[in-house]
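Read through the structure below, which is laid out as structure tokens, and then see the notes.
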Amino acid sequence: MATYVFSDVHGHFRTLDRLLERVSPSSEDRIYMLGDMIDRGPDPMSVVRMCHDLPNTCVLMGNHEDLMLSFYADPNDPLARMNWEINGAGPTQDGLHALDASERVELARWLFTLPLYATCEVDGQWYLLVHAGIDPRRVPEDMSGPWTEQRLDDVVQNQYRDDLMWIREDFWGYPSGLVDEHGEGPIIIAGHTPTRYLDTMADRPDRLSSDENGLCRMVRVGACEKTGGVADRWDIDCGCAGGYGFGQLLMLRLDDSEEIYEPVREGE
């Protein structure tokens, strides 16, 4: 059984379809999708349907799903409408209108149930999976002791909901507080911030944010004496929102840290 993580597809269904065909996860593999299925790209509702139907898959709430649900909770709220529309709502609105009523209701109900975070353990290493990150200032100073799912839950319960979906600089710029000086503790994997943006906000990125073709790629952040030389934050948003020539989609296999990329092609 393998464990895979991906994030921020932003409507690029064809890219996701090719990536899943290449990875070909088995029925026993675990998959985590860290949010932002929708908006900006050409076919967001097909992405939603695919993520909904993937077996053994935990899908998290992203800030774009939250924007959409805030609008539909009160369509007469001009601020909710503006916030969603300026963030690329058009393709999602078109896709929703094209669905029949029963499918639209089914998917909307599912979207309202998406969790804000997940935890998993792979070969003794704990991971906290979240769309945007956490606020390190809200992590207790003393994080010594063995890690369990319950301890991670307690850490997240002390966070603000909006930070889990929206935080950027205050997360990527500072140690999470979860990994100790011996390099032991949960690693946080997040999306939301295209890795190209880490060039101006990240705390000790492990490599350049662009590959040899100029496309965004995964970046690990934060390895220092305080974390025992371990990068405690991993950014897997490889810029699909930026489309062709900027972004690609990453499927990260946690078992061996294999990075499997599929670029967004021209015209999609």
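Coordinate-derived values only; no laboratory data. Just so we're clear, the structure is a prediction, and the values are computed from it rather than from any experiment. Note that each Cβ is placed from the backbone with ideal geometry, even for glycine, and that neighbours are counted across all protein chains shown.
I need I236, I31 ordered by Cβ neighbour count within 10 Å, fewest first.
Going from sparsest to densest Cβ surroundings: I31, I236.
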Task: Contact order relative to length of the chain, as percent, for alpha carbon pairs under 8 angstrom and 6 or more apart - done: 20
Open item on the list: Amide H of C120 versus every other amide H placed in the peptide plane: which residues, excluding those fewer than 5 positions away on the same chain, fall under 5 Å?
Closed with: Y127, L129
- [ ] Could you tell me which of I38, W172, L79 has its Cα farthest along the dipole of segment 3-263 towards the positive end, charges placed at Cβ (Lys, Arg +1; Asp, Glu -1), taken about the Cα centre?
- [x] L79
Task: Dipole magnitude of the chain about its Cα centre (Cβ charges: Lys, Arg +1; Asp, Glu -1), debye to nearest 20 - done: 400
Task: Within a Gaussian network of the chain (alpha carbon springs, distance under 10 Å), most fluctuating of R220, R233, R30 - done: R30
Task: Per-residue ³J(HN,Hα) for segment 86-94, Karplus 6.51 cos²θ - 1.76 cosθ + 1.60, θ = phi - 60°, Hz, x for Gly and Pro - done: 6, 9, x, 6, x, x, 5, 4, 4
Open item on the list: If neighbour count is taken as other Cβ atoms inside 10 Å, put H182, H52, H64 in order from fewest to most.
Closed with: H182, H52, H64
Open item on the list: Taking amide H atoms as placed 1.01 Å from N in the peptide plane, list the residues 5 or more away in sequence, or in a different chain, whose amide H sits under 5 Å from that of V59.
Closed with: M33
- [ ] Report the Cys residues of the chain lacking a disulfide-compatible partner, meaning no second Cys Cβ under 4.7 Å from their Cβ.
- [x] C51, C58, C120, C224, C240
- [ ] Can you grab the distance from the C-alpha centre of segment 198-226 to the C-alpha centre of segment 94-118, Å, no decimals?
- [x] 34
TODO: Would you mind checking which residues have amide H under 5 Å from C224's amide H? H placed 1.01 Å from N; only 5 or more apart, or other chain.
DONE: G229, V230
- [ ] Work out the charge dipole of the chain with +1 on the Cβ of Lys and Arg and -1 on the Cβ of Asp and Glu about the Cα centre, then indicate which of Q150, P25, T3 is farthest towards its positive end.
- [x] P25
TODO: Out of all DSSP beta bridges with both ends in the chain, state the antiparallel percent to the nearest 5.
DONE: 60
TODO: Quickly estimate the mean residue ellipticity at 222 nm for the chain, helices only: each DSSP H run with n ≥ 4 gives -39500 (n - 2.57), and the total goes over all residues, rounded to 500.
DONE: -8500 deg cm²/dmol
Task: Relative contact order (%) - segment 109-163, alpha-carbon pairs under 8 angstrom, separation at least six - done: 33
Open item on the list: Whole-Hz ³J(HN,Hα) for each residue in segment 240-252, computed from phi via Karplus 6.51 cos²θ - 1.76 cosθ + 1.60 with θ = phi - 60°, x for glycine and proline: what do you get?
Closed with: 4, 4, x, x, 4, x, 10, x, 8, 10, 10, 10, 9
Task: Sequence of M82, M33, M61, M218 once ranked by neighbouring C-beta atoms within 10 Å, starting from the fewest - done: M82, M218, M61, M33
TODO: For segment 159-228, calculate the relative contact order in percent as a whole number, restricting contacts to Cα pairs under 8 Å that are 6 or more residues apart.
DONE: 34
Open item on the list: Can you work out the Karplus-derived ³J(HN,Hα) for every residue in segment 95-104? Use 6.51 cos²θ - 1.76 cosθ + 1.60 with θ = phi - 60°, whole Hz, and x for glycine or proline.
Closed with: x, 5, 5, 7, 6, 6, 4, 5, 5, 4
